[in-house]
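Reading through the structure tokens given below for one structure.
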Amino acid sequence: NRRKKKDDSIVEIPSIPNPFPELCCSPFTSVLSASLLPKATSRKKQVIKVYSEDDTSRALEVPSDITARDLCQLLILKNHYIDDHSWTLFEQLTHRGLGRAIEDHELVIEVQSNWVMEEETKLYFRKNYAKYEFFKNPLSFFPDQMMSFPSETTAALSHSGILQMFLSSSTYPEIHGYLHAKEQGKKSWKKLYFLLRRSGLYFSTKGTSKEPRHLQFFCEFSNSDMYMSLTGKKFSGAPTNYGFCFKPNKSGGTRDLKQLCADDEQSRTCWMTAIRLLKYGMQLYQNYMQPYQGRSGCSPLNITPMRSISENSLVAMDFSGHRSRIIENPTEALSVAVEEGLTWRRRGCLRLNSHGSPIAMSNMGMSIHRSQSWFHHKISREEAQRLILQHGLADGVFLVRDSQSNPKTFVLSLSHGLKIKHFQIVPLEDDGKLFYTLDDGHTRFTDLIQLVEFYQLNKGVLPCKLKHYCARIAL
């Protein structure tokens, strides 16, 4: 009874209100409130698959906010490639025969979110030497006959002046010319006069008239991506092989594509480059400048790629005398390097075959080039053009392949002036020795490697030097 009375007396005591309720907590909860704790920046990760030219692939776990440039840098590090700022991520719609270079600043996961389940879409990792070539030589990308400037602008503009107009928010050059457009819901194409302005792409309903009442809106670019046709006439029955199109984000099918076709490669390149500048503006220039930021002595619109760190740490040395010396004259260093290469060739003229007996280098000249990255064995003319186009139509992009018309000869395929040209490499036999030539025997080489190395240093009969070779990389 006493114990019961004590319990009743305890219950009857009125509860005292707690003046600091926020300090009272359950023993299973944290002492501090969750709102007072710093938020953890958790970056979600996703697995993506990237393909190379030979269709090998690599799966990577990347954060959701990774950009195309960062992904390329990751692949460069993992595969120990040299970073020359030309590596690019490509998006390819296999069934539609379309592809585009993903801009360096674009989020890779966001690009993938626009993919349609029914389509076979892949990401490719390859070189694109013409990615920012228009910043270095804009006049070759924007011909005079396709450009109109505002009335207050002077007629003669320098290289940097044209680019400043493209990047300016107040003025923008007008691009105009004829394009073939595919009519919606039909298989037919119609040739129309198009005009590109800051507000979008228009076509004239009356000849080449630019009056507002004759202009009809065709497309704007904020909610769509621009793709290049990779299959030419085959996929959509286009009148030429220089097609491109606009695909709305999360489109439903082929009927949503706005397809266009130019008469030549220069015209297509001009339209596509101007639309890139219109859509991204200064962001493209920042992407171009990013590898050179913080380096002194770089001109904004005239930059040559810096050498890699390993190359900058090397110097040319002369060990021919009693004491070694550094060769400071670049001309002398180049001649020494060429002479050293020729000496190495003469020293290796006699090789051992599988039985240990020497064989002449002239016999090996038939196959020594097959191990080189620029040689592509038995590919067609169309395949060679496709490979060069994928690597960008910059001057000096090249490859060497077997000739299909003459099995004993080879072909040098070279990009120059936004065109792909083909030069036949003919074998010659003189005094029992086999040589290769591009100029009817005036300049002769013992093998294809020597020929390519010569034209990398000298233009000769070619329109430009050999600068960038097309290679099928493996991941």
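The values are calculated or read from the model by the stated rules, or taken from the named source; none is laboratory data. Predicted, not measured: the structure shown is a model, and the values here were computed from it. Counting neighbours? That spans all protein chains shown, and the Cβs are built from the backbone with ideal geometry, glycine included. All accessible areas refer to the heavy atoms of the entire protein, side chains included, with ligands and DNA or RNA removed. Shrake-Rupley method; radii C 1.70, N 1.55, O 1.52, S 1.80 Å.
Measuring from label point to label point, each 7 Å out along Cα→Cβ, what is the GLU120 to LYS467 span in nm?
3.5 nm
Please report the accessible area of VAL452 (heavy atoms, 1.4 Å probe, ligands and nucleic acids excluded) in Å², nearest 10.
Roll a 1.4 Å probe over it and VAL452 shows about 0 Å².
Sum up the charges of everything whose Cβ sits under 11 Å from the Cβ of GLU174, counting Lys and Arg as +1 and Asp and Glu as -1, but leave GLU174 out. List each step's numbers first, then the result.
Numbers: positive: ARG197, ARG198, LYS210; negative: none.
Combined, the nearby Lys, Arg, Asp and Glu give +3.
In this model, which of LYS44/LYS258; LYS49/LYS187; LYS122/LYS234; LYS258/LYS279 are farther than 25 Å apart at the alpha-carbon?
Values: LYS44/LYS258 35 Å; LYS49/LYS187 35 Å; LYS122/LYS234 20 Å; LYS258/LYS279 17 Å.
Going by Cα-Cα distance, LYS44/LYS258; LYS49/LYS187 fall outside the 25 Å limit.
Count charges around PHE375 for me, please; just the other residues with Cβ under 15 Å from its Cβ, Lys/Arg as +1, Asp/Glu as -1. Kindly include the intermediate steps, with their values, before the conclusion.
Details: positive: ARG370, LYS378, ARG401, ARG472; negative: GLU53, ASP54, GLU383, ASP402, ASP447, GLU453.
With Lys, Arg at +1 and Asp, Glu at -1, the net is -2.
If LYS190, LYS136 are ordered by their accessible area, calculated over protein heavy atoms with a 1.4 Å probe, which sequence runs from highest to lowest? Walk me through the numbers before you get to the answer.
On the way: LYS190 105, LYS136 75 Å².
Reading off the accessible areas and sorting them downward yields LYS190, LYS136.
Whenever you get a sec, compute what percent of the accessible area on segment 45-127 sits on carbon and sulfur atoms (1.4 Å probe). Write out the running numbers ahead of the final one.
On the way: 1860 of 3690 Å².
Of all accessible area on segment 45-127, carbon and sulfur atoms account for 50 percent.
By per-residue mean of other Cβ atoms within 10 Å, what is the highest-first order of 271-277, 222-228, 210-216? Present the calculation step by step, with values, prior to reporting the outcome.
Numbers: 271-277: 20.7, 222-228: 16.3, 210-216: 11.7.
The peptides rank, most packed first, as 271-277, 222-228, 210-216.
Which FRET efficiency value, to the nearest 0.05, is calculated for HIS214 and ILE326 with the Förster distance at 51 angstrom and r the Cβ-Cβ distance?
Working: r = 69 Å, r/R0 = 1.35.
So the FRET efficiency works out to roughly 0.15.
I need the trypsin sites (Lys or Arg not before Pro) found in segment 38-92, filtered to DSSP loop residues with at most 14 other beta carbons within 10 Å of theirs. Don't jump to the answer; show the numbers that get you there.
Values: sites: LYS39, ARG43, LYS44, LYS45, LYS49, ARG58, ARG69, LYS78; in loops: LYS39, ARG43, LYS44.
Answer by residue number: LYS39, ARG43, LYS44.
Need the full-extension length gain, THR94 to THR231, defined as separation in residues times 0.36 nm minus the C-alpha distance. One decimal, nm. Walk me through the intermediate numbers first.
On the way: separation 137, 0.36 × 137 = 49.32 nm, distance 0.99 nm.
The THR94-THR231 span can extend by a further 48.3 nm.
Sticking with the crude label model, points 7 Å out along Cα→Cβ, report the distance from SER148 to GLU383 in nm, one decimal please.
4.6 nm
If the viscosity is 0.890 mPa s and the temperature 25 °C, what Stokes-Einstein diffusion coefficient in µm²/s follows for segment 45-127 when Rh is the Kirkwood radius over Cα pairs? If you can, show how the numbers build up before the last one.
Numbers: Rh = 13.0 Å.
Rounded to a whole number, D works out at 188 µm²/s.
Using 0.36 nm times the number of residues separating GLU174 and PHE221, minus their current alpha carbon distance, what extension gain do you get? Kindly include the intermediate steps, with their values, before the conclusion.
Details: separation 47, 0.36 × 47 = 16.92 nm, distance 1.59 nm.
Between GLU174 and PHE221, full extension yields an extra 15.3 nm.
Which whole-number percent gives the relative contact order of segment 370-469, counting Cα pairs below 8 Å spaced six or more residues apart? All intermediate terms of the calculation are to be shown ahead of the outcome.
Details: 171 pairs, mean separation 21.6, N = 100.
So the answer I get is 22 percent.
Taking amide H positions as placed in the peptide plane 1.01 Å from N, state which residues far from TYR242 in sequence (5 or more) or on other chains have amide H under 5 Å from it.
It is ALA262, by chain and number.
Note down the nm distance, to one decimal, between modelled labels 7 Å out along Cα→Cβ at GLU429 and at ASP65.
Label at GLU429, label at ASP65, 6.8 nm between them.
What are the equivalent ellipsoid semi-axes of segment 370-469, built from the alpha-carbon gyration tensor (square roots of five times its eigenvalues), in whole angstrom, biggest first? Intermediate values should be presented prior to the final figure.
Details: eigenvalues 96, 47, 25 Å².
They are 22, 15, 11 Å, listed largest first.
Report the net charge of residues surrounding LEU277, where surrounding means a beta-carbon distance below 14 angstrom and charges are Lys +1, Arg +1, Asp -1, Glu -1. If you can, show how the numbers build up before the last one.
Working: positive: LYS131, ARG197, ARG198, ARG276, LYS279; negative: GLU103, GLU133, GLU174.
For residues surrounding LEU277, the net value is +2.
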